[in-house]
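Student: Okay, handing you the structure first.
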Amino acid sequence: MLSEIGLVGLGVMGKNIALNLSDNGVTIKSFNNSKEKLDDINKEFLNGFIGFTSFDEFVESLESPKTILLMVPSGKATKEVIKRLADLLEEGSVIIDGGNSFYLDSIDNGKYLSKKSINFIGMGVSGGEDGARNGPALMVGSGFSLEAPLINTLKNIAAKSEVECLGIYQGPGTGHFIKMVHNGIEYAEMQTIAEIYLILKNLKKSNMEMSSFFSSQSKNNNSSYLIEITSKILQKSDGDKFVIDQIKSVAQNKGTGKLTIQTSLNLGVSIPSIAAAYDARVQSSNQYSRKISEEQINDDISYTDLSNALYFSRVCSMIQGLELISKFSDDENHNISIVKVLENWSGGCIIRSNLLSELKKEFSKNNNIFNLNNLFENLEKYRVSISKVLQVTTKYNIPTPVLSASLNWFNSVTALNNPSNLIQAQRDFFGRHKVQLIDSSDDINIDWD
Ligand code: 6PG
């Protein structure tokens, strides 16, 4: 175990991870301009918190080799602190960026620091305030091999499921890449649940009925943290009103979903469920004035079909995210094990669910994302359900961007025939872009006249 860690960033996540470290016997030394803030924070620690108002003295006070954890906003703020530290730290020190940094920034930061012989770790932290305090999922990306005291410290503070939810990956940007994809999947699962909620609303179910639908999902292959909290949210009342009915229908985002989509475009991986979830948030802010009202659903949709649709869409979003990780791993030669990623997410993080252990069984047999025959075969009954659900939502004008994207993605990637032969013909017709004929790898132009 490390005996002490320097911490920059005493916001909600920083403070809670520090309390977690302190519970595990690590002394926290930290910096803040405000003595009052440091004194307030000190009161929350039983022992082992030392605050400094001078940045130089804070860095100086750490024993060598120094380990400093950054929990500051991603982007400019993180870069600035890294620069400031780089001027003060000696060779062999370790900087861990525990913010939601973009993975390309972490690769840059790693390169910049390695020139100064300072070791850099980009670490994704998931689980919100409660996770940071009691056990987050930690996605660690490192360009150097970690010493045992640091690994043990991270193991101790991480969440535990059947394994420690600590993933250690090769490359300073890899931990943040995996955290970014985690967030993309988080967006898709949240929106899938929200669409099922909208369908239930149009089936005229009460909030309490909807809440029990979601709480019963653990029996239907859908046991997940996000579904659990949805059940709790729906039953929360304030006086005689349900809180959910008092909240504006406009969803915000801090940008990690958008970065996942931009990255998928750059890497040539299709993640339509995640993209549709991000778009749904954008659309919630950009509403047109002409309204077409949804109608009360008069057709039968069974709870089983809804559960199956929920499950189907969750599986599709997860596979899309894993395909993105797999492509990144192949491109960068990082040899990322999908099983390890699934274990990493099995506790502490926002997308923890029984689906991860189901998929783990599948990927233990092979690490090839394009060879999921068993899984896809088992999805058949769920596909029938989601098709039924979407026929009804289309009839009654109920928007289902992620459910629809998931089904279309699945149909597309498993289609025996796709119409891209026509696309190739059109490209060659108007632009002489060439086609390949079946059973040939030659690129040829066709004489279309
Ligand atoms: C986590 C979350 C967290 C994320 C927030 C807000 O894993 O703990 O993913 O990192 O930043 O949930 O994200 P949005 O504002 O983009 O919804």
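Taken together, the values in this text are just the output of simple stated rules run on the coordinates, not laboratory data. Note that the structure is predicted; figures quoted are calculated from it, not measured. Cβ placement follows ideal geometry from the backbone for every residue including glycine, while neighbour counts extend to all protein chains displayed.
Student: Enter the Cα centre distance for the pair the stretch 62-119 and the stretch 220-263, rounded to the nearest angstrom.
Tutor: Result: 34 Å between the Cα centres.
Student: When you count, for each residue, the other Cβ atoms within 10 Å and take the mean per peptide, how do 428-441, 327-340, 302-315 rank with the highest first?
Tutor: So the peptides 428-441, 327-340, 302-315, ranked by packing, come out 302-315, 327-340, 428-441.
Student: Putting +1 on Lys and Arg Cβ atoms and -1 on Asp and Glu Cβ atoms, find which of Gln391, Phe370, Leu88 reaches farthest to the positive end of the dipole of the chain.
Tutor: Going by the Cα projections, it comes out as Gln391.
Student: Determine, for Trp409, Trp448, Trp345, the number of other Cβ atoms within 10 Å of each Cβ, and report the residues in order from fewest to most.
Tutor: Going from least to most buried by this count: Trp448, Trp409, Trp345.
Student: Something else now. List Phe31, Phe52, Phe144 from most exposed to least, where exposure is judged by having the fewest other Cβ atoms within 10 Å.
Tutor: Phe144, Phe52, Phe31
Student: For Ser30, what residues show an amide H to amide H distance below 5 Å, using hydrogens built from the backbone and excluding near sequence neighbours?
Tutor: Leu7, Ile50, Gly51, Phe52
Student: Now a separate question. Counting Lys and Arg as +1 and Asp and Glu as -1, each charge on the Cβ, what is the dipole of the stretch 33-182 about the Cα centre in debye, to the nearest 20?
Tutor: 380 debye
Student: Then there is this: Quick check: Cα centre of the stretch 349-393 to Cα centre of the stretch 267-342, how many Å?
Tutor: Between the Cα centres of the stretch 349-393 and the stretch 267-342 lies a distance of 12 Å.
Student: Oh, and also: Let's see if you can work this out: charge +1 on each Lys and Arg Cβ, -1 on each Asp and Glu Cβ, no other charges. What is the dipole magnitude of the stretch 96-247 about its Cα centre, in debye to the nearest 20?
Tutor: I would put it at about 80 debye.
Student: With 24 Å as the limit, write out which pairs from Lys232/Lys360; Lys201/Lys291; Lys258/Lys381 have Cα-Cα distances beyond it, or answer none.
Tutor: Lys232/Lys360; Lys258/Lys381, as the Cα separations exceed 24 Å there.
Student: In what sequence do Asp40, Asp299, Asp279 fall when counting other Cβ within 10 Å, fewest first?
Tutor: Ranked by crowding around the Cβ, least crowded first: Asp299, Asp40, Asp279.
Student: Next question. Got a sec? Charge dipole of the chain, +1 on Cβ for Lys and Arg, -1 for Asp and Glu; which of Asn335, Pro172, Gly14 is way out at the positive end?
Tutor: Gly14
Student: Still on this structure, I have one more. Nearest 10 degrees is fine. How inclined is helix 303-332 to the longest principal axis of the chain, computing both from alpha carbons?
Tutor: 60 degrees
Student: Cα atoms only, the chain: Rg and Dmax in Å?
Tutor: Radius of gyration, then largest Cα-Cα span, for the chain: 24.6, 84 Å.
Student: For the cross-link pairs Lys365/Lys434; Lys155/Lys361; Lys15/Lys254; Lys76/Lys361, which exceed 32 Å when the distance is taken from alpha carbon to alpha carbon?
Tutor: Lys365/Lys434; Lys76/Lys361
Student: Computed over the Cα atoms of the stretch 133-242, what is the convex hull's projected area averaged over all directions, in nm²?
Tutor: Across all orientations, the stretch 133-242 yields a mean hull projection of 9.2 nm².
Student: Determine ³J(HN,Hα), in whole Hz, for all residues of the stretch 343-354 in sequence, where each value follows from phi through the Karplus function 6.51 cos²θ - 1.76 cosθ + 1.60 and θ = phi - 60°; x replaces Gly and Pro.
Tutor: In residue order, the calculated couplings are 5, 4, 8, 6, x, x, 8, 6, 9, 5, 5, 5 Hz.
Student: By how many degrees, between 0 and 90 and to the nearest 10, does the Cα long axis of helix 174-202 differ from the longest principal axis of the chain?
Tutor: In the chain, helix 174-202 runs at an angle near 50 degrees to the longest axis.
Student: Would you compute, from DSSP H runs of 4+ residues alone, the mean residue ellipticity of the chain at 222 nm, taking -39500 (n - 2.57) per run and dividing by the full residue count, rounded to the nearest 500?
Tutor: That comes out to -17000 deg cm²/dmol.
Student: Then there is this: Residue-wise, which Karplus ³J(HN,Hα) couplings in Hz belong to the stretch 84-101, taking 6.51 cos²θ - 1.76 cosθ + 1.60, θ = phi - 60°, and x for glycine or proline?
Tutor: Karplus values, whole Hz, x for Gly and Pro: 4, 5, 4, 6, 9, 7, 8, 4, x, 5, 10, 10, 10, 8, x, x, 8, 6.
Student: Work out the length of the dipole vector of the chain about its Cα centre, built from +1 on the beta-carbon of each Lys and Arg and -1 on the beta-carbon of each Asp and Glu, and round it to the nearest 20 debye.
Tutor: 760 debye
Student: Here is a further query. What are the ³J(HN,Hα) values, in whole Hz, obtained from phi via the Karplus relation 6.51 cos²θ - 1.76 cosθ + 1.60 with θ = phi - 60°, for each residue of the stretch 358-370 in sequence order, with x given for Gly and Pro?
Tutor: Taking θ as phi minus 60°, the curve returns 4, 5, 4, 4, 5, 6, 5, 6, 7, 9, 9, 4, 8 Hz for the stretch 358-370.
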